[in-house]
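Student: This structure is in structure tokens; I'll ask about it shortly.
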């Protein structure tokens with residue numbers, strides 16, 4: 001497998017540490033992949049763990065093709081994104097990957113068509129409203145939505161990322177392999193009505209750099225807590241179970257989990273810091 005990262009790489013580092021500590025790892029990391037070679041920690045981690053780095057600077061790629069903004073909001077932006085993905089696809093081909101892990105990888109990419117791509121997401125994707133997954137989206141959006149929905153906890157989810165179309169919102173629609181334990185929300189002394197008011201006062205379009213309001217600030221602080229108590233618990237365990245082929249889909253696309261050589265239908269698996277697994281049965 002390969003690990004994809006765009007920034008500080010803390011999730012990638014925790015995953016690499018976990019794999020390195022196992023007496024018989026169920027997988028081999030072939031490379032680190034980054035879209036931001038100048039600012040991510042990919043080369044630092046590659047040197048530390050003796051791994052090659054495949055770098056494709058997406059910002060430079062867009063500029064080379066006549067676009068200053070990295071976006072898929074226009075047909076040309078989507079065309080450039082597909083070309084960037086194709087270029088990366090060629091460079092990954094010699095690795096013959098069985099799967100990949102998106103560990104804080106920002107760009108939407110349809111490499112998900114080539115092999116399974118596990119993605120850690122800062123939201124409980126089992127939480128639904130009106131039949132749809134509510135806590136989806138980028139940046140702090142899933143955490144903001146959890147707060148606005150009146151939840152007092154957060155979870156991280158590990159999913160199989162799907163191919164995208166249009167703006168890419170459908171990438172979070174895949175099977176939910178693993179969930180972290182509940183991580184309490186720290187409201188930092190604010191009440192819900194104050195945060196709801198901040199949300200109502202926002203401009204229609206997100207400004208460059210974010211809204212910089214109280215809701216976004218509290219969501220960002222909670223996202224850091226969720227990374228430590230959520231991502232770092234669920235991601236390594238789910239990845240190892242996936243590599244051991246403990247997950248499968250039945251003919252109807254429903255999730256199965258293998259425990260003690262017995263397959264069971266599950267909605268997902270909750271992973272705990274003490275390595276305990278909690279199989280969540282499917283809802284009717």
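We did not get these values from a lab; they are worked out from the coordinates using the rules stated. These numbers come from a predicted model, not from an experiment. A quick note on method: Cβ atoms are made from the backbone with ideal geometry, for glycine too, and the neighbour counts reach across all protein chains shown.
Student: Could you work out the percent of alpha carbon pairs in segment 1-115 separated by over 19 Å, rounded to a whole number?
Tutor: Of all Cα-Cα distances in segment 1-115, 45 percent exceed 19 Å.
Student: Okay, next question. Using the number of other C-beta atoms within 10 angstrom as an exposure proxy, rank 3, 147 with the fewest first.
Tutor: Listed from fewest to most nearby Cβ atoms, that is 147, 3.
Student: Could you tell me the center-to-center distance, by alpha carbons, between segment 198-215 and segment 114-160 in angstrom?
Tutor: 20
Student: Only counting other Cβ atoms within 10 Å, I'd like 251, 40 sorted with the fewest neighbours first.
Tutor: Fewest to most other Cβ atoms nearby, the residues stand as 251, 40.
Student: Next question. Obtain the radius of gyration and the Kirkwood radius of segment 181-260 from its C-alpha atoms and give Rg over Rh.
Tutor: With Rh from the inverse mean 1/r over Cα pairs, Rg/Rh is 1.18.
Student: Quick check on the chain: of the DSSP beta bridges with both residues there, what percent are antiparallel, nearest 5%?
Tutor: The antiparallel fraction comes to roughly 60 percent.
Student: Kindly provide the helix-only [θ] at 222 nm of the chain, computed as the sum of -39,500 (n - 2.57) over DSSP H runs of four or more divided by all residues, to the nearest 500 deg cm²/dmol?
Tutor: Helix contribution divided over all residues of the chain: -9000 deg cm²/dmol.
Student: Mind jotting down the distance between the C-alpha centroids of segment 18-86 and segment 267-282, whole Å?
Tutor: Rounded to whole Å, the Cα centres lie 31 Å apart.
Student: Take 44, 13 and order them by how many other Cβ atoms sit within 10 Å, fewest up front.
Tutor: Ordered by Cβ neighbours within 10 Å, fewest first: 44, 13.
Student: Using 19 Å as the cut-off for backbone N distance, which residues of segment 180-216 belong to the label zone defined by a point 7 Å from the Cα of residue 126 along Cα→Cβ?
Tutor: Within reach of a label on residue 126, which here means backbone N under 19 Å from a point 7 Å along Cα→Cβ, segment 180-216 contributes 180-185.
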